[in-house]
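What follows is calculated from the coordinates using simple rules that are stated; it is not laboratory data. Note that the coordinates shown come from a computational prediction; the quantities given were computed from them, not determined experimentally. All Cβ positions, glycine included, derive from the backbone under ideal geometry; neighbour counts span all protein chains shown.
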Amino acid sequence: MAHQGFFQRQASARRNTGVLVLLFLAAVAIITLCVCLVGYLVTRSETTGLAFADWLISRHGLLTSLAVVSLIGIGSLIRWVDLAGGGDRVAKMVGARAIDPDTRDSDERKLRNIVEEMAIASGVSVPDLYVMDHETGINAFVAGYTPGEAVMVVTHGALTQLSRDELQGVVGHEFSHVLNGDMRLNVRLIAILAGILMLGQIGSFLLQTSFLRRSHLSAHRSGDRRGTAIFGIVGLALVVIGYVGVFFGRLIQSAVSRQREMLADASSVQFTRNPEGIGGALFKIGLKGGYLDTTSHASDMNHMCFGESTRMKFTALLASHPPVKERIEAIQPGMFARLRSRLRDTESAETLQSAGSPSPASAIPEAAAGFGGGNTSNTSPLNTQRPQKISGTVGTVNRRSEDYAVSLLNSLPSTFRNLLYTRAGAIQLCYALLVHQLPPQTRQQRLALIDAGSILGPNRELLEKLLPGLESLGPGVRFPALELAMPALRKLDPDERSLLMANTETLIRADNRLSLFELAMHTFLRRHLAGDSARVVPVRYRSYRPVMTQLQVLFSLMARAGAEDERNRQALFAEAMAGFVSNGKQSELLTEVSVTRLRQALLTLNSLSPLLKPGIIDACGHCVLADGKVNASEYELIRLVADQLDCPMPPLSA
C-alpha cells in the first residue's frame with residue numbers, strides 16, 4: 001500500500017488544484033458583489049434609482065463587474081508569470097540568499113549535510129538551499145514545481161537556534177511537502193492570493209492619493225474638494241473590501257494547508273525515526289516564534305512555511321497551521337509536557353556547556369550523525385532482496401536507505417566531496433564519470449576531443465583528484481556523486497550548460513557505442529539542466545492505450561538491460577508488456593533504442609495520471625530484478641526512469 005500512498009497523494013495534489021480554483025472563483029464572486037454594491041451606492045440618485053438586482057445587469061453594473069474580475073485576473077496572472085521561474089524565483093521574492101554549495105559556514109554546512117542525507121535516502125535530487133539572513137524567527141519552506149527542481153529556504157534563526165536533530169526534523173517535514181506534491185499547489189496559491197488582495201492594494205493607493213490631493217486643493221474650488229472626497233470614499237471602501245479578500249485568502253490558505261502540515265509532521269517522524277527532533281523544533285517556535293518580519297510577502301507565504309509566518313486575528317479560524325501544542329501532541333502524546341518540563345534542565349545544561357563541559361552531541365561528527373542517531377552500517381544500494389512491488393519504495397524513506405545515505409557520504413574522501421560543491425569540480429566530475437574506467441592512454445585521447453581552450457575544458461589537476469575516488473569507490477557511487485554535484489551544476493548559465501552537454505556528448509560518441517550508464521547520465525543531465533526543467537508536465541493521458549508505443553520503447557531497453565541472451569530478453573519484454581496489452585495484441589522487442597527515442601518516450605509517459613505510473617515502475621523493476629540481483633548500470637537505469645517520471649526512488653536496498 002506504500003506506493004498507493006505516494007501516487008494517490010500526487011493525484012490528490014492535482015485534484016486539490018481544481019478545488020483551489022473553485023474557492024478562488026467563489027472569492028472573486030463575493031468580492032465582485034461587494035465592489036458592485038459600493039458602485040451602486042455611489043452612483044445611485046433619488047431620481048434615477050434602480051433596485052440593486054436591476055443595477056447589476058445594467059451597463060454600469062456589468063462594466064463594474066467586468067473591471068473587478070479583470071483586475072483580479074490580471075493581478076493573479078502577473079504573479080503567476082512572475083513565479084514561472086519556480087522555486088528560485090520564490091526564494092528571491094522573499095529576499096533569501098543562495099547558500100554556496102561550497103560554503104565554509106558551519107551552520108550552513110550542517111544544513112547541507114542533513115539535506116544531502118535526506119535527498120540520497122529518498123531519491124530526490126539535492127535541492128538548492130537558501131537562507132533568509134535577517135530573519136531571527138525559526139521557519140523554513142520548500143518551493144518549486146517538480147521534485148527535481150525544488151529549493152529549500154530556511155531562516156537564520158532556524159540555522160542558529162535549532163540543534164542538528166531539530167533541524168533534521170524540519171528538513172524531514174519539508175521533504176514530505178516535496179514528496180507529497182504540495183509545492184506546486186503552494187506556489188500557485190501565492191498567485192491566486194495576489195489577485196484576491198489586489199483590490200485592497202488599489203484601495204490603499206486611492207486613499208493615499210485622495211489625502212495628498214485634499215492637502216493640495218484646500219484653497220481651491222469646493223467642486224474639486226468634493227471629487228477628491230468621493231475619490232477617498234471609494235478608496236476607503238476598496239480597502240474594506242480588500243480585507244474581505246484577505247479574509248477569504250486566509251480561509252483558502254487554511255483549508256489547503258492545515259491537514260497537509262499534520263501529514264508532513266508525521267512523515268518527518270517516519271523519515272528521521274526521531275519524534276524529539278521535530279517536536280523540539282515546534283516547541284522552540286512556540287517559545288520564540290517563526291514570523292517573517294523582513295519581507296512584505298510574509299502573509300503570502302504563510303501556507304508554505306513550517307510555522308505561522310505572519311501575525312493575524314481570528315487565528316483559530318484563519319491559521320494555516322494547527323496550534324503548536326496540538327502538532328506536538330499529535331506527534332507523540334505527552335511530549336509537550338515533557339519538553340516544557342525539560343526546558344529548565346536544558347537551560348542549566350547550556351550554562352554548564354558554555355563554562356566548558358562538553359555536549360553529548362559534540363562527539364558525533366557533523367557529517368556522520370545521520371538519521372535517528374546515525375547508524376552508519378555499510379549498506380549498498382545494489383545488494384538487494386527482491387521486493388514484491390518496487391514502486392512501493394517510491395516516495396518513502398526507511399532505515400536501510402537512511403543508513404546507506406549516511407554511510408555513502410562518510411565514505412567519500414573529503415577532497416573528492418568538496419570538489420563536487422564547486423562549479424569547476426562538478427564539471428570535471430561529468431567528464432571523469434565518462435572516462436574513469438578507460439586505460440590512462442585512451443582516457444587522455446578522449447579528453448583531448450574536448451576543446452581545452454574553452455572555460456569548460458578538461459582540467460588535469462582536478463581530474464587527478466576525482467578519478468582515483470571513482471575507481472576506489474566503485475560504480476555504486478556514480479549517480480549519488482552526480483546528484484551531489486547538481487546544485488553546483490545548476491549555477492551554470494544557459495550557454496555553459498549547453499557547452500557542458502555538448503562536451504559530454506562528444507565523450508559518449510567517441511567509441512561509437514552507448515553504455516547503459518552513458519544513456520542514464522546523458523538523459524539525467526538533459527532533464528535537469530534544460531531551460532524548461534522546472535516546467536510542470538500536465539496530465540494528458542488517463543489510460544495506457546495512447547502510450548503503447550512509448551511503453552514498447554521503454555520495456556525493450558529494460559529487457560535488454562535485464563537479460564544477457566536474446567531468448568530471455570524476449571521473455572522479459574513479453575512479461576513486462578503483458579500488464580498493458582489488451583485484446584491479445586503483441587508488441588515486438590526493439591533491436592535498439594536511441595537516446596532521442598527514449599527521451600521522447602519518457603517525456604510522454606510522464607504525462608500519464610500519477611495513478612498509472614506504479615505499473616510502469618513495477619514492470620521496469622521486474623526486468624532488472626529478474627535474476628535476483630541488480631548491478632550498477634541496472635540500478636542507474638531504473639533510477640533514471642523513476643526520476644524522469646517524477647517518482648522519487650530511494651536506493652534499491654530499500
Response to the item:
The computed P(r) of region 14-128 puts the percent of Cα pairs beyond 23 Å at 58
Fill in: Mean Cα-pair separation over length for region 414-529, i.e. relative contact order, pairs under 8 Å, 6 or more apart, %
36
Response to the item:
Hydrodynamic calc, region 536-644: Kirkwood Rh from Cα pairs, then Stokes-Einstein at 10 °C with viscosity 1.306 mPa s, so D in µm² s⁻¹ is 114
Fill in: Kirkwood Rh in Å, taken over all unlike Cα pairs in region 432-578
18.0
Worksheet, complete the sentence: Rounded to 0.05, the calculated FRET efficiency for the beta carbons of residue 505 and residue 243 at R₀ = 60 Å is 0.60
Practice prompt. With a Förster radius of 51 Å, plug the Cβ-Cβ distance of residue 472 and residue 77 into 1/(1 + (r/R0)^6) and report the FRET value to the nearest 0.05.
Written response: 0.40
Worksheet item: Any idea what the dipole of region 83-188 comes to, in debye rounded to 20, about its Cα centre with Lys/Arg Cβ at +1 and Asp/Glu Cβ at -1?
Response: 260
Discussion item. Please give me the summed charge of the neighbours of residue 304: other residues whose Cβ is under 12 Å from its Cβ, Lys and Arg +1, Asp and Glu -1.
Written reply: -2
Worksheet item: In whole Hz, what ³J(HN,Hα) sequence does region 105-112 give by Karplus (6.51, -1.76, 1.60; θ = phi - 60°), x for Gly and Pro?
Response: 5, 5, 5, 5, 5, 4, 4, 4
Practice prompt. Answer rounded, prolate or oblate for region 45-189, using the Cα gyration tensor with square roots of eigenvalues a ≥ b ≥ c: rounded when a/c is under 1.5, else prolate when a/b is larger than b/c, else oblate.
Written response: prolate
Worksheet, complete the sentence: A correct fewest-to-most ranking of 605, 251 by other Cβ atoms within 10 Å would be 251, 605
Fill in: Inter-probe distance in nm under a simple model that places probes 7 Å from Cα toward Cβ, at residue 539 and residue 52
4.0
Worksheet item: If each residue's Cβ is checked for other Cβ atoms within 10 Å, how do 558, 486 rank with the fewest at the top?
Response: 486, 558
